[in-house]
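This report concerns only the one structure given below.
Bear in mind these aren't lab numbers, they're just calculated from the coordinates by the rules spelled out. What you are looking at is a predicted structure, and each value in this text was computed from that prediction instead of being measured. Glycine gets a Cβ as well: all are built from the backbone with ideal geometry, and neighbour counts include every protein chain shown.
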Amino acid sequence: MHRRIKMSDNIFSDEDFDDYNDTDDVHYEKSPAREPVRRSASGNGRKKRKKKSRNKPWIIALIVEVLVIILGVVLFVNAYINSALGKMHYEKLEGVKANDDLSEETVKKMTGYTTIALFGVDSRDIDMVENGARSDAIIIVSINNDTQEVKMSSVYRDTYLELANDSQSYEKVTHAYAYGGAKEAINTLNKNLDLNITAYVTVNFKALTEAIDALGGLDIELKSSELDKLNQCIDEQQRVNGIQSSYVYETGVVHLDGVQATAYARIRSTDQGDITRAWRQRKVISLMIEKAKSAGISKLNDCLNAVVDDISSSLTKKEIMDLATNCFNYKLKSSTGFPFTWSTPTLGSKGSLVVAGDLENNVVVLHRYLFNDYDYVPSQTVKNISANIINDTGYYNQIDLDTFTVEDDPDSIVNE
């Protein structure tokens, strides 16, 4: 057996051969272009290369295809919603303002919230200003931009306030919408309550009915004292909106359709009249929000199609889309009604009123509730209006700010 070694001097030392096994027929060669290679007689010494996966291009193509499909769906949905929102009556509000003497601290506190005025009107035509429709429901919605917590406060439609028109007359706040639409209604709220609302949404009760039907109805607890008035309101809703329904004869938790639930929200002649009606309205809205959050895309689509023709708003498509994007993160924390203390006299031609005998401190409580602002000090404008209401009506219901707590349950509301 022979062995041949070609190598340069000093590549191996003597010690390198001590353990060399003569039985291994191994050749060491030096290639001028390569490092020494060890080869065996039985093989060429090449390492087996791993086969490259031929699936990678297909995987990448599949991922790209899925992303394209997702993008297409998103674009389609976005285009569809934009198209649907295009049917909504949009009104750019000009001339909406806050009180000139509103403090910088109060304005700064409110900038951390998105505040929207909701109006419900008794009209089949969304062009309510020409028809002189009054706002049967007035709700201030406050959204905390950091925590996404939502609070609602009704303003009772018969609340006696100073209107923001040129006459500066004192009337029911519901008249503001009839006189000047959303603009005058918002300016009246801003003036009397030290707010800086610039956005609104108005719906008629036909839209509310159709939205509830699209969501599959609502489960609402009914009292025996509500049934007669409920069925009277059902008659009215069928006549006004042209949507058929049926009377309700059960009490307890009852499943109501759109006409029935809308009629429930409009019951007035029970318990404390306007106070409990506003509570029912907030209850219906709360139930709708909870049901919408658990509804599928199909139901939400039906809901949008049902109401879009009967909505008027100052919100742009982008603003609505931004709100819709976060809707599932919103947490409806609580709701209440304003004023917090009141009297309900009938004053001659002014009719039956809700009088905030201590408007000044009622507004303090409102800012604590909506904006968690415990440093708020009423403007001189609000103080003057508060004094004028007391002088005009003779009613004064003082609030003790140190002990007063906001109540929502109508059974616990005390009419002072």
Exercise. Quick one: Debye curve from the C-alpha atoms of segment 86-412, no solvent, what's log10 I(q)/I(0) at q = 0.10, 0.13, 0.14 Å⁻¹?
Worked result: -0.56, -0.99, -1.16
Exercise. Measuring from label point to label point, each 7 Å out along Cα→Cβ, what is the F328 to K97 span in nm?
Worked result: 4.4
Exercise. Using the count of nearby Cβ atoms within 10 Å as a rough guide to exposure, how do D309, D228 rank from fewest to most?
Worked result: D228, D309
Exercise. For the residues K151, K92, what sequence is obtained by ranking on other C-beta atoms within 10 Å, fewest first?
Worked result: K92, K151
Exercise. Which links in K151/K299; K92/K206; K229/K318; K92/K172; K299/K331; K206/K318 stretch past 30 Å when you go from one Cα to the other?
Worked result: K229/K318
For this session: Going by C-beta contacts inside 10 Å, put F404, F340, F371, F328 in order with the fewest on the left.
Result: F328, F404, F371, F340
Seminar exercise, completed: Residues other than T325 with Cβ under 13 Å of its Cβ, Lys/Arg counted +1 and Asp/Glu -1, net out at 0
Exercise. Using r as the Cβ-Cβ distance of K108 and T251, and R0 as 60 Å, what FRET efficiency do you calculate, to the nearest 0.05?
Worked result: 0.75
